[in-house]
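Down below is the structure, laid out as structure tokens.
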Amino acid sequence: MPGVPLSEGIVRVDDRGFLVAILVTHAHNDHIGAAERLRTAHGVPVLMHEREVPHARREFPHQVSVGAVLANAWRSGVAPWAVHTVRSGGTAHVPVSAPQAFGTTGALDLSGAPVPVHTPGHTGGHWAYRLPSLGIVVSGDALVTGRPVSRKTGPRPLPGMFHADVPTTLDALSALESLDAGTVLPGHLPLHRNSVRDAVARVREGAGR
């Protein structure tokens, strides 16, 4: 298989099965936790859009703050999620010391020819990726099929505390709904085997509740 899409972005291998690149949707801890280890141990480049590079270096935070979590602790599922996150190292300092900007327009020169799709809001430099030959969109956290604070699944918006800019996150859905893809691989919970347009419509419906 030429490449395996994963929640933290897209890990690419060559025809011999060697890891050649890690393509990141955004630099939250739960999406780049192993990236620096792979980069230093195996010399694998960690690629992302240039706007996400300083975030990956941890020059500024775009992670949900402790204050935001405490302010929302009364909501169902938030407190158990917070405890689990701390216990599993979710608050650790895990920068990528030498992230690389992919710096091109159109399809990237990687197997599967992933096409970056700008979807800011969750973080300032969040990008999704379309895999045209596979009919897949790797949506990161711009579009998910469940919430970490809930057991319910299906396309739905993440709680606002997880986004750097909620209105921009919702506006970015427009960049996804026109894509020709029948499968969505989200950053959280199961894949969505239906059109991206269908998934976006369900997220927007949930955002109004």
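Quick note: the coordinates plus some simple rules give every number you see, no bench work behind them. Not measured: the values here are computed from a predicted model. Cβ: placed from backbone, ideal geometry, glycine included. Neighbour counts: every protein chain shown.
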Any hit, segment 99-120, residues being free of Cβ contacts under 8 Å to residues at least 60 places away in the same chain and part of a helix (DSSP H, G or I): no
The lone exception for residue 57 - which of (1) surrounded by 19 or more Cβ atoms within 10 Å (Cβ to Cβ); (2) farther than 16 Å from residue 127 by Cα it fails: (1)
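Residue by residue, here is whether (1) buried (at least 21 other Cβ atoms within 10 Å of the Cβ); (2) under 21 Å from residue 48 (Cβ atoms) holds:
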| position | (1), (2) |
| --- | --- |
| 146 | no, no |
| 149 | no, no |
| 157 | yes, no |
| 169 | yes, yes |
| 193 | no, no |
| 196 | yes, no |
| 207 | no, no |
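Among what's in segment 98-139 and is of a type in the set (A, V, I, L, M) and touching a helix residue (DSSP H, G or I) at 6+ places or on another chain (Cβ under 6 Å), pick the residue that is surrounded by the most Cβ atoms within 10 Å (Cβ to Cβ). Please lay out each step first, then the result.
As a first pass, look at segment 98-139 and keep what is of a type in the set (A, V, I, L, M): 98, 101, 107-108, 110, 113, 115, 117, 128, 131, 134, 136-138.
Retained after the next criterion (residues that are touching a helix residue (DSSP H, G or I) at 6+ places or on another chain (Cβ under 6 Å)): 101, 117, 137.
Working: 101: 13, 117: 22, 137: 31.
Out of the qualifying residues, it is 137.
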Residue in segment 55-68 that is touching a residue at least 12 places away in the same chain (Cβ under 8 Å), among the β-branched types (Val, Ile, Thr) and either part of a helix (DSSP H, G or I) or more than 19 Å from residue 162 (Cα to Cα) (or both) present: no
Tally, over segment 160-197, of residues that are closer than 13 Å to residue 137 by Cα and assigned to a helix (DSSP H, G or I): 6
Conditions (1) among the hydrophobic types (A, V, I, L, M, F, W, C); (2) under 16 Å from residue 142 (Cα atoms); (3) touching a helix residue (DSSP H, G or I) at 6+ places or on another chain (Cβ under 7 Å): number failed by residue 46: (2)
Segment 66-92, subset within 18 Å of the chain's Cα centre (by Cα) and among the polar types (S, T, N, Q), residue surrounded by the fewest Cβ atoms within 10 Å (Cβ to Cβ): 91
Residue list for segment 131-169, restricted to those being hydrophobic (A, V, I, L, M, F, W, C), out of contact with any Gly (no Cβ under 6 Å at 6 or more places or on another chain) and more than 21 Å from residue 79 (Cα to Cα): 134, 136, 137, 138, 142, 143
Any hit, segment 146-153, residues being among the small types (Gly, Ala, Ser), touching a Pro at 6+ places or on another chain (Cβ under 9 Å) and outside any loop (DSSP other than H, G, I, E, B): yes
